[in-house]
Amino acid sequence: WATVLFSGIVGPAIVYNFFPPLLFKLYMLGWTLGGIYSVPPIRTKRNAFTAGLTIATVRGFLLNFGVYYAVKDAIGAPFSWSPKVSFIARFMTAFATVIAVTKDLPDVEGDKAYGISTLATKVGVPTIAKGATFCLLANYVHAVLTGVLSGRGVFRAVPMIGGHALAAVVLLARFREL
């Protein structure tokens, strides 16, 4: 607990003293969400919806946007939204949502044995796997379409279109193995 408490005090102090106010606010939002995820009495991890929302917000949006903003500030460049930052924030938020929903799948038998209620124990592994696959596939299709529909030079076509199309094909092939 000493390390957790120390980090919980020193981290915000560093961000407050060395970064702009917006970054401190984003950091504290992530800090607060991380705390209420695990610390009683709220513990959002006990509910599938609130756990997913918390994880998607922190790992999807705050992490990607926050790092981008911090780097821009550190090098003295003015902040501006770009198609790349907008894409990665959307893509990773959707990806983190899938991670949040599927994180309990390996533990479903143990959760059932100990009476722990999770989304996977309520609706079943096959339903979660199908839903997660559909969401990932939609995310990859979104990435391909973003690459196709964006102006020339906004994204590198091979990784943006080809890479995400290949990831979608691999996802579907792996899904058939389930």
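The values are calculated or read from the model by the stated rules, or taken from the named source; none is laboratory data. Keep in mind the model is a prediction, meaning the values are calculated, not measured. As a convention, Cβ positions derive from the backbone with ideal geometry for all residues, glycine included, and neighbour counts pool all protein chains shown. Just so you know, the surface numbers come from the protein's heavy atoms only, side chains and all, with ligands and any DNA or RNA stripped out. Shrake-Rupley method; radii C 1.70, N 1.55, O 1.52, S 1.80 Å.
With a Förster radius of 30 Å applied to the C-beta separation of Val170 and Trp81, the computed FRET efficiency comes to 0.45.
Probing with 1.4 Å while keeping every protein chain in the model, the per residue accessible area of region 55-169 equals 58 Å².
For a test of the definition: using alpha carbon positions, the gyration tensor, and the 1.5 limit on a/c, classify region 6-67 as rounded, prolate or oblate. Oblate, because a/c is 1.5 or more while a/b does not exceed b/c.
Cross-link partners for Lys45 among the aspartates and glutamates, with Cα-Cα distance under 17 Å and sequence neighbours closer than 8 places in the same chain left out: Asp104, Asp107, Asp111.
Only protein atoms count toward the accessible area here, which uses a 1.4 Å probe; on the chain, the carbon and sulfur part of that area reaches 70 percent. Once Rg and the Kirkwood radius are both taken over the C-alpha atoms of region 84-178, their ratio Rg/Rh works out to 1.10. For Lys130, the lysines whose Cα comes closer than 19 Å to its Cα, not counting residues fewer than 8 places off in the same chain, are Lys103, Lys122. Between region 15-41 and region 96-133, the C-alpha centres lie 28 angstrom from each other. Listed by chain and number, the aspartates and glutamates whose C-alpha is less than 20 Å from the C-alpha of Lys25, apart from same-chain residues fewer than 8 away, are Asp73. What are the membrane-span-like helices in the chain by this rule: whole DSSP H runs, Cα extent along the axis at least 30 Å, mean Kyte-Doolittle hydropathy at least 0.0? Counting only whole DSSP H runs, the qualifying helices are 125-149. Taking every alpha-carbon pair within region 76-119, the share separated by more than 13 Å comes to 67 percent. Per the Debye formula on identical point scatterers at the alpha carbon atoms of the chain, with no solvent, log10 I(q)/I(0) at q = 0.12, 0.18 Å⁻¹ is -0.74, -1.20.
For region 125-178, taking the reciprocal of the average inverse distance between every pair of different Cα atoms yields a Kirkwood hydrodynamic radius of 11.7 Å. For Ala168, neighbours were defined as the other residues whose beta-carbon sits under 14 Å from its Cβ, and their charges (Lys and Arg +1, Asp and Glu -1) total +2. For the pair Ala129 and Glu177, label points projected 7 Å from Cα toward Cβ lie 1.1 nm apart.
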